[in-house]
Structure formats: structure tokens, C-alpha cells
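Below you'll find the structure, written out as C-alpha cells, and then a few comments.
The values are calculated or read from the model by the stated rules, or taken from the named source; none is laboratory data. Model, not experiment: these values are computed from the prediction. Don't worry about glycine lacking a Cβ; one is built from the backbone with ideal geometry, like all the others, and counts go over all protein chains shown.
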Amino acid sequence: MYTIPEPTGWQVNAPTSNAGIAQVNMINQTQLSVIDAYVQDAEGPISPEDLDARFTAETILATWSNFRDPIETNRSFENDILTIDFRVGLANGQTYVARQNVWTDGEWIYVVRVVVPENATETLRFLLTNLTGKITPFKQFAAEPFNWNAYYDNVTSAIIRYPQAWTVTDSAPGRPASITGTNGEALRVEARAGQSVADEAAASAWVEAERPGATVLSVAPVTRGDVSGFSVAYTYNDVEGAAFSGLAVLLNGANALYIANLHFSGADVDLNTVALPSAEPTAEATELPGLLAEDTAAADQNQTLAQVMASFQILPALDLSASSLPEATPTAIPTIAPTVETTAEATAEATDAAPVETTPEATASS
């Protein structure tokens, strides 16, 4: 859903997000410091002036449940950014300070919160300076659940998003990737140098060559960003006679054909006719071949598969080089020496609480 710089020395901790919030937590056990960041769908138009009413003192103080005596020490609004300062403690006597910056683009809300020992305020300022406003959103994924996972190949820049329960079973940068769904769906993502599909007939021929015996159900032209291609729905029977359906999205890149090829159990399911959540259903989309109208579960599943395939695209190249990072982070000097016990406690209290802290804050405010 977005990119954010990862400072040297901080490691990403497993976040807890939901359908409207994409969250990341980063911890530095040496400096006993935590970065919480998330992007939230505002679920309607929102202005910078609305942020103060949404992030009330009562709402935010409730997010510090794993800390002792949380106090909001200051609140200010400047350059369309709401800044809130805190002082919190842990049971071991360690005192922390934190600052939370909040801003919006009118559709999404962006939050960065940094927690550091009380004598590391320079680290806090440095981190916020280099993180605030540095979140790059990908609005093209706005119609999909925020907490879906993504497979991104930093060699080809191809990306596809999929439900959290799906599993990447095989991948390597620049090589084909295999992703398996919870109901046996099989998705393969790859780029083939020197190939392209010029028209609908060529796209159909590609599928028929790739899956001998397949019957093409429909071909639809697609445009993803600056790249165009075709979406080919097909059906086939395996060697044991079981019926399967599939969808191949073929994008003509500069020097390669980018492919996302999905197949799943079921006969004659044309995912090209499934209306996505952001689209108005059409007469064509309401009649799903091989799908009973009353079978809501199957309809929902097909919509999920259509969303997955609609997310496949080629991102502009991301600068992930070391030269793109800020200069070295100032070193914090923890008030309490970072023994194994103290570090574990500090990171457990601060980082393990982060998913519980941040998400309820956003949930309550929304």
C-alpha cells in the first residue's frame, strides 16, 4: 500500500493491520527505540483541520495501555501536520518520550510515531524529520483490503497483492514466483524477456500454448499504469477430468512480457466478467458463467480472485539503494543499560504493544 524508509539499525516487526489500515513497526533493541507507522483509509473526505477532532487526547492515551502513567505533554498543528508529544514509563522505572505526527491527503491518513528513551530526543527529531512526509502511497491498490500481502520482485518491478492467508511457495528475484491460495488456487508470476502479445488473438494463442486443451472464455484489453496488455479467462480439465478455470494477465513491458497466471477449481468461471468493488456492476457482470446466483460464498471468492489479478502491475522502479537513505542516525544513550532483560522488556512493551496500540487508535477514531 505504501513505502516508507527503514532507518539503519531498525528492524521491521510483524505488524497487525486490518482491512482499512496498513501498519508497520520497526524496532531498535540497542537504542530501545520504536517506530510505529500506518496508513488508514479515512472512509470519506477529510481535511487536515479534521485530524485534531479525530485524534482526541482520550483516544490516543488509551493506546498506551502497556505503559505506565502516559501523559500527553503537547499538541500543535503546523503546515497541515498534527504533532502530539507524550511522556510514558515502564514498570522498571525507565521513562520514554514519544512524538506522533499525523497528516492527510484528503483520502488517507498517515501516522508516524517514534518512542525513545527520555534522553534521546535528538534521535526522535531526526527520525521524524526523515519519516514524516516520506510515505509514498500506492493509490492504485485503494480498492483492495489494506492488510493483504504483496509479492514484489525488485528486479522486474512486478507486484501483485493477495490475501494474508495465501503463501509464497517459491520465489527468487528476477525468477518466476509461485503463490498458493487457501482453496488450492495456484498463481504464477513471472517475466519472459523478448516476448509480447500484440492483440487479442495473440493473447488467446499464448494461453492455448501454455495450457494445451484450454478453452478461452474471453479476452479483455487492460491498462495498468503506463503498461497495457490483455486479460484472458479460460477453462480446462486436468488429466483426471477435474474442471478448472483460469485467468492470465499479460502485460507488454519494455523488453519483456509480464505474466500473472492464476488457475483454480471450477468450470467456466470467467473472472473478466466479475465486478470489482470499486466498479458499478453491469448486466454482463451479474451473470457469472457456471455460478449460481444464490451461491454467495462462491461469488465472494470469485470477486477476491478478480481483485488479486486486478492488482498485478509493474511499479515504477523504487530506489532501494543505500545511497537513498538518510545519513547515520544519532546514537541514543539509554538511561538504563540495555541488558538482555531490559532490552527484551522494552521492546516487548513497546513493539509488541504497537499493533495493539496503533490499530485500536485508528479503529476508534474511524
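Take the residues of the stretch 154-166 that are closer than 24 Å to ALA19 by Cα and surrounded by 13 or more Cβ atoms within 10 Å (Cβ to Cβ): which is nearest to the chain's Cα centre (by Cα)?
Within the stretch 154-166, the first condition is being closer than 24 Å to ALA19 by Cα, and the residues that meet it are 158-166.
Among the residues that remain, those that are also surrounded by 13 or more Cβ atoms within 10 Å (Cβ to Cβ) are: 158-163, 166.
Working: ALA158: 14, ILE159: 11, ILE160: 10, ARG161: 8, TYR162: 10, PRO163: 10, TRP166: 14 Å.
My answer is ARG161.
Mind checking which pairs have a first residue in the stretch 118-145 that is closer than 30 Å to ASP300 by Cβ and a second that is in a helix (DSSP H, G or I) and at pLDDT 90 or above, Cβ under 6 Å, 6 or more apart or different chains?
Listed pairs, sorted by first residue: GLU144/GLN307.
Every residue in the stretch 220-260 that is buried (at least 23 other Cβ atoms within 10 Å of the Cβ) and in contact with a Gly (Cβ under 8 Å, 6 or more places away or on another chain), please.
Matches in the stretch 220-260: ALA233, TYR234, SER245, VAL249, LEU250, LEU251, TYR258.
If you check ARG125 against the conditions, is it among the charged types (D, E, K, R) and surrounded by fewer than 19 Cβ atoms within 10 Å (Cβ to Cβ)?
Working: among the charged types (D, E, K, R): yes; surrounded by fewer than 19 Cβ atoms within 10 Å (Cβ to Cβ): yes.
In short, yes.
Being hydrophobic (A, V, I, L, M, F, W, C) and assigned to a strand (DSSP E or B) is the filter here; which residues of the stretch 223-255 pass it?
Of the residues in the stretch 223-255, the ones hydrophobic (A, V, I, L, M, F, W, C) are 227, 230, 232-233, 239, 242-244, 247-251, 254.
Matches in the stretch 223-255: VAL227, PHE230, VAL232, ALA233, ALA243, PHE244, LEU247, ALA248, VAL249, LEU250, LEU251.
Looking only at the stretch 169-212, count how many residues are over 24 Å from THR223 (Cα atoms), outside any strand (DSSP E or B) and either touching a Gly at 6+ places or on another chain (Cβ under 6 Å) or of a type outside the set (D, E, K, R) (or both).
Total satisfying the criteria: 8.
With the condition kept exactly as written, say whether any residue in the stretch 220-241 is touching an Asp or Glu at 6+ places or on another chain (Cβ under 7 Å), hydrophobic (A, V, I, L, M, F, W, C) and closer than 22 Å to TYR151 by Cβ. Please lay out each step first, then the result.
If we filter the stretch 220-241 for residues that are touching an Asp or Glu at 6+ places or on another chain (Cβ under 7 Å), which is where we start, we get 230, 233, 235.
From what's left, hydrophobic (A, V, I, L, M, F, W, C): 230, 233.
Among the residues that remain, those that are also closer than 22 Å to TYR151 by Cβ are: 230, 233.
Yes: the stretch 220-241 contains one or more residues that are touching an Asp or Glu at 6+ places or on another chain (Cβ under 7 Å), hydrophobic (A, V, I, L, M, F, W, C) and closer than 22 Å to TYR151 by Cβ.
For the stretch 197-219, which positions are surrounded by fewer than 16 Cβ atoms within 10 Å (Cβ to Cβ) and either under 16 Å from GLN313 (Cα atoms) or among the hydrophobic types (A, V, I, L, M, F, W, C) (or both)?
ALA198, ALA201, ALA202, ALA205, ALA209
Identify, from the list VAL12, VAL24, the residue that is assigned by TED's automatic domain parsing to the domain that holds VAL116, surrounded by 15 or more Cβ atoms within 10 Å (Cβ to Cβ), within 17 Å of the chain's Cα centre (by Cα) and closer than 30 Å to THR304 by Cα.
Working: VAL12 fails: surrounded by 15 or more Cβ atoms within 10 Å (Cβ to Cβ).
Of the residues listed, the single one that is assigned by TED's automatic domain parsing to the domain that holds VAL116, surrounded by 15 or more Cβ atoms within 10 Å (Cβ to Cβ), within 17 Å of the chain's Cα centre (by Cα) and closer than 30 Å to THR304 by Cα is VAL24.
For the stretch 136-154, give me each residue that is assigned to a loop (DSSP other than H, G, I, E, B), closer than 22 Å to PRO176 by Cα and of a type in the set (A, V, I, L, M, F, W, C).
TRP148
Output the strands (runs of 3 or more DSSP E) that fall wholly within the stretch 64-108 and possess 1 or more residues being in contact with a Pro (Cβ under 7 Å, 6 or more places away or on another chain), or say none. Let's see the steps before the verdict.
Numbers: elements: 68-78, 81-89, 95-104.
It comes to 81-89, 95-104.
Can you say whether VAL197 is hydrophobic (A, V, I, L, M, F, W, C) and in contact with a Phe, Trp or Tyr (Cβ under 8 Å, 6 or more places away or on another chain), as far as the supplied structure shows? Lay out the reasoning, then the answer.
Working: hydrophobic (A, V, I, L, M, F, W, C): yes; in contact with a Phe, Trp or Tyr (Cβ under 8 Å, 6 or more places away or on another chain): yes.
Spelling it out, VAL197 is indeed hydrophobic (A, V, I, L, M, F, W, C) and in contact with a Phe, Trp or Tyr (Cβ under 8 Å, 6 or more places away or on another chain).
Out of everything in the stretch 110-128 that is among the β-branched types (Val, Ile, Thr) and within 23 Å of the chain's Cα centre (by Cα), what residue ends up being farthest from PHE55 (Cα to Cα)?
Looking at the filtered set, the residue picked out is VAL114.
Under 7 Å between Cβ atoms, which residue pairs at least 6 apart in sequence (or on different chains) link something in the stretch 165-186 that is among the charged types (D, E, K, R) with a partner that is surrounded by 15 or more Cβ atoms within 10 Å (Cβ to Cβ) and modelled with pLDDT of 95 or more?
Every condition considered, the pairs that remain are ASP170/ALA177; ASP170/SER178; GLU185/LEU262; GLU185/PHE264; GLU185/LEU305.
Being in contact (Cβ under 8 Å) with a residue 60 or more places away in the chain, closer than 30 Å to ASP105 by Cβ, touching a strand residue (DSSP E or B) at 6+ places or on another chain (Cβ under 6 Å) and buried (at least 19 other Cβ atoms within 10 Å of the Cβ), is that true of even one residue in the stretch 188-195? Explain how you work it out, then say what you get.
So in the stretch 188-195, the residues in contact (Cβ under 8 Å) with a residue 60 or more places away in the chain come out as 188-195.
Cutting the leftovers down to closer than 30 Å to ASP105 by Cβ gives us 189.
Filter once more, keeping what is touching a strand residue (DSSP E or B) at 6+ places or on another chain (Cβ under 6 Å): 189.
So of that shortlist, the ones also buried (at least 19 other Cβ atoms within 10 Å of the Cβ) come out as 189.
Among the residues of the stretch 188-195, at least one is in contact (Cβ under 8 Å) with a residue 60 or more places away in the chain, closer than 30 Å to ASP105 by Cβ, touching a strand residue (DSSP E or B) at 6+ places or on another chain (Cβ under 6 Å) and buried (at least 19 other Cβ atoms within 10 Å of the Cβ), which makes the answer yes.
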